[in-house]
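Engineer: Dropping a structure here in structure tokens format, bear with me for questions.
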Amino acid sequence: MAMVDRLSDLPEPILIHILSMLPDGKDVVRSSVLSKRWRFLWRYVPISLDFSFPEDTYLGLPESGELEILDFVNSTHRELLYWRSGQKIRKFNVVVNFSVPERFDKDIDLWVYFATKKADVEDFTLECLSGYKLPQFAFKSPSLRNLNLQYCKLKLEPSVNVNWSNLVSLSVGYVKLTEGVMRKILSGCPNLECLLLDFIWGFDRLEISNVKLKKLTINSYETSECDVWLEILAPHIQNLELLGYSSGIRLRNVAALVAAFFRIDFQFDFGEVDRSEKNEISCLKELLHSVAHVKNLELSHWCIKCMSTLALEGFQYQPSSSRFLKLHTNYEELDLPGICSFIQNSSNIETLIIDWHHQDRGYLYAYYFKDKERQIRTFETHKFNCPLLHLKTIKFINLVGPLSVNKFVLPLVKYLLENAILLEKFDIAARCKEIDVRLDQIRIEQELLSFPRSSSHASVTFSNQRSLPPLLLHQSQHA
């Protein structure tokens with residue numbers, strides 16, 4: 001009895017989808033020998049090409065290095081020749097993680113031409129450590145949807161305009177940019193939704209008028225002038241992330257912003273400590289004022305450090321409208337003033353997450369808190385008693401060791417239990433040995449259950465992040 005080829009009887013779109021699941025594009029081509037039905041299907045299957053120079057290949061010696069580069073270049077040319085037949089190439093990645101001699105720029109030009117003109121790829125990544133200058137023709141490629149350029153010089157001739165009309169996501173990193181180039185790029189990307197600028201410098205004003213651009217991420221911004229800050233005007237973005245080490249950043253118009261994440265450290269100038277401290281605190285004040293209206297807010301340990309300084313000086317924040325608040329902090333008692341004061345000015349929060357990172361910042365605190373004992377006494381006499389009318393969920397994560405060795409956290413726990421009148425759940429997750437958890441159980445029950453609670457149905461759960469079952473602490477008798 002003859003075997004029935006049921007697979008080949010499937011509709012062509014399903015067969016093409018099946019072929020697209022194969023990890024190697026050449027296996028897709030080999031499928032043409034299966035039967036007449038499969039002979040030309042491979043031509044309609046989008047594939048991905050990835051050319052990365054092996055990191056352990058380059059020996060650093062001039063003679064051997066030249067040969068290895070030449071082998072890589074010739075191999076890439078052969079591969080592109082193989083795929084020139086017109087098959088759809090969706091993704092094309094070229095990563096050259098070493099400095100290539102300038103005479104090989106023409107070869108890279110051919111790869112860029114293949115991606116942007118010949119193959120009309122949708123996702124293109126080009127990373128060239130030597131500072132390769134992107135050719136002018138590459139700025140006109142309507143097929144691109146996702147573009148990632150690292151270490152590439154972006155310089156536009158006066159007569160050249162950008163046409164990346166279908167680009168949705170753009171990532172640019174490790175490059176000097178000018179305000180004029182950025183203006184042309186943004187104007188040539190009417191459908192851009194996500195923009196990532198990674199370790200950039202050369203301009204001090206970023207104006208984004210693109211209506212569809214909803215997410216902006218800046219990871220490290222540098223300037224050679226201490227008093228020059230990057231000014232951002234972006235009235236349509238909804239999600240903003242400021243990451244890494246940066247000079248000053250000022251937000252001028254972010255009215256549509258819904259979520260903001262500040263995991264940023266401003267550069268510390270040991271030559272002018274007082275001036276640097278003032279600049280950092282001034283920058284944070286402006287940033288917090290600019291995002292007071294957002295619904296989701298996430299702040300790094302640097303923010304907490306500065307907020308503690310402000311709290312001990314009696315500074316009053318503008319009330320925050322955040323409903324979701326996540327704070328990244330360290331194992332430092334001196335972080336508590338910043339945490340408490342900001343929570344007190346965030347009466348709308350419904351969910352609070354505090355992530356306790358262990359990081360040595362002693363050298364910074366030596367400058368910011370010159371008299372630690374006096375500052376702690378000042379904080380202890382300050383009364384934080386503002387009711388938290390909407391807070392329902394609290395999570396402490398990444399505490400190291402049992403709660404009994406993290407006594408500095410207890411005043412914060414007590415403050416939250418006393419003031420969160422609608423609290424439903426309080427999770428405290430630590431990373432510690434099983435025996436520490438068991439020994440800590442009685443002490444936790446006695447200490448935490450003695451705290452008064454404003455919410456009559458609040459539960460406190462203590463769990464070990466090493467997969468031990470959680471310990472549920474019953475309702476307080478004081479509720």
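Engineer: Residue 286 to residue 258: extension gain in nm, 0.36 nm per residue of separation minus the Cα-Cα distance?
Structural biologist: Between residue 286 and residue 258, full extension yields an extra 8.4 nm.
Engineer: Please sort 407-414, 113-120 by packing, taking for each peptide the average over its residues of neighbouring beta carbons within 10 angstrom, highest first.
Structural biologist: Ranking, from highest mean packing down: 113-120, 407-414.
Engineer: Ignoring ligands, DNA and RNA, what percent of the 1.4 Å accessible area of region 139-220 is carbon and sulfur?
Structural biologist: 50
Engineer: Report the relative contact order of region 150-241, percent, no decimals, based on alpha-carbon pairs under 8 angstrom and at least 6 residues apart.
Structural biologist: With pairs under 8 Å counted, the relative contact order is 25 percent.
Engineer: Another question about this same structure. Scan around residue 230 for amide H atoms under 5 Å from its own, H built in the peptide plane at 1.01 Å from N, and keep only partners 5 or more places away or cross-chain.
Structural biologist: Under 5 Å from the amide H of residue 230 lie the amide H atoms of 248, 249, 250, each far enough along the sequence or on another chain.
Engineer: For a quick check of your reading of the filter: which trypsin sites (Lys or Arg not before Pro) in region 66-116 sit in a DSSP loop and have no more than 16 other Cβ atoms within 10 Å?
Structural biologist: Taking region 66-116 and a limit of 16 other Cβ atoms within 10 Å, the loop trypsin sites (Lys or Arg not before Pro) found are 84, 88.
Engineer: Per residue and in cubic angstrom, what volume does the convex hull of the Cα atoms of region 163-234 have?
Structural biologist: 75
Engineer: Next up: Region 205-219 to region 113-142: how many Å between their Cα centroids?
Structural biologist: Taking the Cα centre of region 113-142 as reference, the centre of region 205-219 is 22 Å away.
Engineer: Based on the Cβ-Cβ distance from residue 160 to residue 348, what FRET efficiency comes out when R0 is 56 Å, to the nearest 0.05?
Structural biologist: After rounding to 0.05, the efficiency reads 0.70.
Engineer: Skip the ligands, DNA and RNA, and give the accessible area per residue of region 145-246 with a 1.4 Å probe, whole Å².
Structural biologist: Details: 4450 Å² over 102 residues.
It amounts to 44 Å² per residue over region 145-246.
Engineer: For residue 98 and residue 179, calculate 0.36 nm times their separation in residues minus their Cα-Cα distance, and state this gained length in nm to one decimal.
Structural biologist: Fully extending the segment from residue 98 to residue 179 adds 26.3 nm.
Engineer: I've got another one for you. Under a crude label model (7 Å from the Cα following the beta-carbon direction), how far is residue 233 from residue 51 in nanometres?
Structural biologist: 4.2
Engineer: Sort 309-322, 238-251 by packing, meaning the average of other beta carbons within 10 Å per residue, with the highest value first.
Structural biologist: Top of the packing list down: 238-251, 309-322.
Engineer: Follow-up question, since we're still on this one. Taking 32 Å as the cut-off for C-alpha to C-alpha distance, list the pairs among 176/215; 184/278; 215/414; 153/285; 91/326; 133/278 that go past it. Intermediate values should be presented prior to the final figure.
Structural biologist: Working: 176/215 21 Å; 184/278 35 Å; 215/414 37 Å; 153/285 35 Å; 91/326 36 Å; 133/278 39 Å.
Flagged as over cut-off: 184/278; 215/414; 153/285; 91/326; 133/278.
The values are calculated or read from the model by the stated rules, or taken from the named source; none is laboratory data. All of these numbers come straight from a predicted model, not from anything done at the bench. Positions of Cβ are generated from backbone atoms using ideal geometry, with glycine treated the same way; all protein chains shown enter the neighbour counts. With ligands, DNA and RNA removed, areas are computed over all heavy atoms of the protein, side chains included. Shrake-Rupley method; radii C 1.70, N 1.55, O 1.52, S 1.80 Å.
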